[in-house]
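Here the structure is laid out as structure tokens; the discussion comes afterwards.
Only the coordinates and a few stated rules stand behind these numbers; no lab work does. As the structure is a prediction and not an experimental result, all values here were calculated from the model. Quick reminder, even Gly has a Cβ in these numbers, built from the backbone with ideal geometry, and neighbours come from all protein chains shown.
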């Protein structure tokens, strides 16, 4: 599986959109600041939304579309799936069926 995901620093905080083939590993990298960059600099490490795809190309395409969206649209997308802005990473294995 491949995933498009959105991380947040806090509710209505700084957002980051990405895609990966291993969501648990990538979330760990964000949280531990293994890669220097935007998420490490701004403390963006709470998984607030994700979507699964069978093909890498589809996940990447969805990531690129979301990155072009207005902030209000991203907030609406998050709140449709996760109205309380819960950190989905806390239950990621259950959510992914692992």
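Brief remarks on what is shown
- Residue in region 20-41 that is assigned to a strand (DSSP E or B) and in contact with a strand residue (DSSP E or B) (Cβ under 6 Å, 6 or more places away or on another chain) present: yes
- Complete set of residues in region 49-69 that are surrounded by fewer than 17 Cβ atoms within 10 Å (Cβ to Cβ) and touching a residue at least 24 places away in the same chain (Cβ under 8 Å): 52, 54, 55, 56, 58, 60, 67
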